[in-house]
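Everything below concerns the one structure shown next.
The values are calculated or read from the model by the stated rules, or taken from the named source; none is laboratory data. Source: prediction; values computed, not measured. Cβ: placed from backbone, ideal geometry, glycine included. Neighbour counts: every protein chain shown. Each accessible area value is taken on the protein alone, full model and side chains, heavy atoms only, with ligands, DNA and RNA left out. Shrake-Rupley method; radii C 1.70, N 1.55, O 1.52, S 1.80 Å.
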Amino acid sequence: PNVSFKNLFVSRGCPAEKMQIVMNSPQQEIFDPDRFTADSENDGDPTELRVMHHGSIVHRHGVDVLVEAIAVARPSIKVRLDIYGTATPFLAEVLETARRCGVDDIVHYQGALDQAGVARAIRRCHVGVVPNRRSVFTNLNFPTRLFEYLAMHRPVIAPNSIGIRDCFGDGDMIYFNQGDVSDLAAKLLWVHAHPEEAKAIVARGMAIYRRHLWVHEKSRLQKWLSSLVGA
């Protein structure tokens, strides 16, 4: 799925020429950046920073770390967090973290959504966060959610990990140090205070996403499959 995984397999003895990379790109008919504009307003209180997390609610995804960062940011700005995904045993720990940190009134579990619902929810938020804890896997992994936020013209705060830097450079993504609650909170405050700068980062990130639209990934996959069967 990305360069880091290919490099890992090469290090274990697989010849590099035997592998090609097909990125896990979102459903293009839903996550189409040309359907919306960066200036499309989302509803709700314009003074409130609306933060979103979606995906599997599990320990490695660090949703509780995001809750703690929300608690650190709250004294400085008006903020809320919406969490989307299928309920799991770890959700109880996330919500208990919110209660313990005194932010259970602004942390809202919204349930699971289909892909179209995820796209609509992203349009209603100001910033998405991928708060993955650091592990051998998350350091190599590339979360497709990054592309989904960018496709909807929304900034995303992402882990400063090898797998993400396969695609994005310093100015193409808003990075935080994995597991660092204070750094994540600081990045939330930065997005709130610098909306125009955040838009510029989104534009650079979206240019990278456009190179990996599914229409391009599918074409490469079909070409490689055809070459294997001699078509």
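Report ³J(HN,Hα) in whole Hz for each residue of the stretch 218-229, in order, from the Karplus equation J = 6.51 cos²θ - 1.76 cosθ + 1.60 where θ = phi - 60°; Gly and Pro get x.
5, 4, 5, 4, 5, 5, 5, 5, 4, 5, 5, 9
I'd like the distance separating the alpha-carbon centroids of the stretch 111-132 and the stretch 151-169, in whole Å.
16
Excluding Glu93 itself, calculate the net charge of residues whose Cβ lies under 11 Å from the Cβ of Glu93, where each Lys or Arg counts +1 and each Asp or Glu counts -1.
Neighbourhood net charge equals 0.
Using the Cα centre of the chain as origin and beta-carbon charges of +1 (Lys, Arg) and -1 (Asp, Glu), tell me which of Val118, Gln27, Val136 is placed farthest towards the positive end of the dipole.
Of the candidates, Val136 comes out farthest on the positive side.
Using a Cα-Cα cut-off of under 30 Å, which lysines could be cross-linked to Lys18, ignoring same-chain neighbours fewer than 8 residues away?
Straight-distance partners of Lys18: Lys6, Lys218, Lys223.
In debye, nearest 20, what is the charge dipole magnitude of the chain about its Cα centre with +1 on Lys and Arg Cβ and -1 on Asp and Glu Cβ, if you could check?
740
Taking K and R as +1 and D and E as -1, what net charge do the other residues with C-beta under 12 Å from the C-beta of Val118 add up to?
Neighbour charge sum, excluding Val118 itself: +2.
Quick check for you: with a 1.4 Å probe and neighbouring chains kept, what is the accessible area per residue of the stretch 80-231, in Å²?
45
With +1 on the Cβ of every Lys and Arg and -1 on the Cβ of every Asp and Glu, and nothing else charged, how large is the dipole of the stretch 86-207 about its Cα centre, in debye rounded to the nearest 20?
Here the size comes out at about 180 debye.
Taking only the alpha-carbon positions of the stretch 1-89 and ignoring solvent, what does the Debye formula give for the base-10 log of I(q)/I(0) at q = 0.10 Å⁻¹?
Values returned for q = 0.10 Å⁻¹ are -0.51.
Over all directions, the average projected area of the alpha-carbon convex hull for the chain comes to how many nm²?
13.4
Explain nothing, just the number: relative contact order of the chain, from Cα pairs under 8 Å at least 6 residues apart, as a whole percent.
Relative contact order of the chain: 25 percent.
What value does the stretch 168-219 have for Rg/Rh, both radii from Cα atoms and Rh as Kirkwood defines it?
Expressed as Rg/Rh, it is 1.10.
Give me the net charge for the shell around Glu197: Cβ to Cβ below 14 angstrom, other residues only, Lys and Arg +1, Asp and Glu -1.
Net charge around Glu197: 0.
Using modelled backbone amide H atoms (1.01 Å from N, in-plane), which distant-in-sequence or interchain residues come within less than 5 Å of Phe176's amide H?
So Phe176 has HN proximity to Ala158, Asn160.
I'd like the FRET efficiency for Phe90 and Lys223, computed as 1/(1 + (r/R0)^6) with the beta carbon distance as r and R0 of 45 Å, rounded to 0.05.
Taking R0 as 45 Å, the efficiency between Phe90 and Lys223 is 0.65.
Cut-off 10 angstrom, C-alpha nodes, Gaussian network model of the chain. Which of Ser76, Ser182, Ser161 fluctuates the most?
Top of the fluctuation ranking is Ser76.
Along the charge dipole of the chain, which of Tyr109, Leu184, Phe9 sits closest to the positive end, that is, farthest toward it, with unit charges on the beta carbon of Lys, Arg, Asp and Glu (+1, +1, -1, -1)?
After comparing all options, I get Phe9.
Counting only helical runs of four or more DSSP H residues, what would the 222 nm mean residue ellipticity of the chain come to if each run contributes -39,500 (n - 2.57) and the total is spread over all its residues?
The per-residue figure over the chain is -13500 deg cm²/dmol.
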